[in-house]
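Here is the structure we will look at.
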Amino acid sequence: MIPLLPAASWREFRGTPPKTGTNQTVHLATVEDGTGKLHRCYVKMCPSHWMTPITESVAWILSAELSLPRPQFAALILVPLDKLSKHLKLDQHWLGQPQALAFCASAVDGKSPTQGWQWLAPLRTKRMFKRPEIARIAAFDLWADNQDRNTSNVLIERSGNCIPIDNEFILYRALWEGKYSFSISLRTLLQESKLRLSLTEYQRFTVEMGSQAKFHQTAFALAKTKSQQLVNTLLPDPVQASSSCDLIWSHL
């Protein structure tokens, strides 16, 4: 199961990402794992009633069983808010709380295809869609109902390998839709592939996506016990935990 680290494992604030998006608490920090090894991680906090720790963690567990590309390390961590508040201005969500649960993953040494010279972005993006792992990632997103994947949260390493980041809104219709005061506009790699590729390339891409579906149920069977243990740990109310598991299983 994905590790749950204590507040002492949050060692040092290391800055904020160039683009923070709507979540202004995302930050870089040095995180110590259970063996004492230090990792430079992006840390994502969220209000306590959000499903982010569950969705990010379930995505991590499923990705491991599918051997999908991913950051080298991930964990759930309790962030000491007294230390973080020295570096970030925290809003009313965090008032009176000594610590907050967050998902963290090691920083990827790569760039978004849209980063840098904008006139190169279409070329880099089209080249990215020809990588075999992109069809695998797109197939996972379709299966797991990830409604917020786009080329900005796929990073390209120097080797050319593509690493997806940010799985917060998987299981969107099961765990998010209609339960919060916001909604997400559907953004997927499949949508973008239709815009970026020729008709023949797009057809080849969708066929490759379809070929990946045969691996999903095996991965789900292997990940189910770990995912259930995770949900039970994060949701101590057995009724809520059971309900959330039923929603996850029924979708997957």
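A few remarks follow.
- Highlighted here are the strands (runs of 3 or more DSSP E) found entirely within the stretch 16-105 that include at least 1 residues which are closer than 22 Å to GLU157 by Cα, touching a residue at least 60 places away in the same chain (Cβ under 8 Å) and not hydrophobic (A, V, I, L, M, F, W, C): 27-32, 38-45.
- For the stretch 196-215, a residue qualifies if it is exposed (fewer than 11 other Cβ atoms within 10 Å of the Cβ) and closer than 24 Å to THR151 by Cβ, and the qualifying residues are SER198, LEU199, THR200, VAL207.
- Filter pass, LYS130 being open to solvent by 20 Å² or more (accessible area, probe 1.4 Å), outside any helix (DSSP H, G or I) and either in contact (Cβ under 8 Å) with a residue 60 or more places away in the chain or aromatic (Phe, Trp, Tyr) (or both): yes
- Lone unmet requirement of (1) modelled with pLDDT under 95; (2) touching a helix residue (DSSP H, G or I) at 6+ places or on another chain (Cβ under 7 Å); (3) under 24 Å from ALA241 (Cα atoms); (4) not aromatic (Phe, Trp, Tyr) for LEU171: (1)
- Residues that are buried (at least 18 other Cβ atoms within 10 Å of the Cβ) and not aromatic (Phe, Trp, Tyr), drawn from the stretch 33-53: HIS39, CYS41, VAL43, LYS44, MET45, CYS46, MET51, THR52, PRO53
- Some residue of the stretch 92-103 being within 24 Å of CYS162 (Cα to Cα) and surrounded by 18 or more Cβ atoms within 10 Å (Cβ to Cβ): yes
- Subset tally (residues that are surrounded by fewer than 17 Cβ atoms within 10 Å (Cβ to Cβ) and either modelled with pLDDT of 95 or more or polar (S, T, N, Q) (or both)) for the stretch 216-238: 8
- Note on the stretch 186-210: residues that are without any contact (Cβ under 8 Å) to a residue 12 or more places away in the chain and either farther than 24 Å from TYR172 by Cα or not charged (D, E, K, R) (or both) amount to 9.
The values are calculated or read from the model by the stated rules, or taken from the named source; none is laboratory data. Quantities reported herein were computed from a predicted structural model and do not represent experimental measurements. Quick reminder, even Gly has a Cβ in these numbers, built from the backbone with ideal geometry, and neighbours come from all protein chains shown. Ligands, DNA and RNA are excluded from the accessible area calculation, which covers all protein heavy atoms including side chains. Shrake-Rupley method; radii C 1.70, N 1.55, O 1.52, S 1.80 Å.
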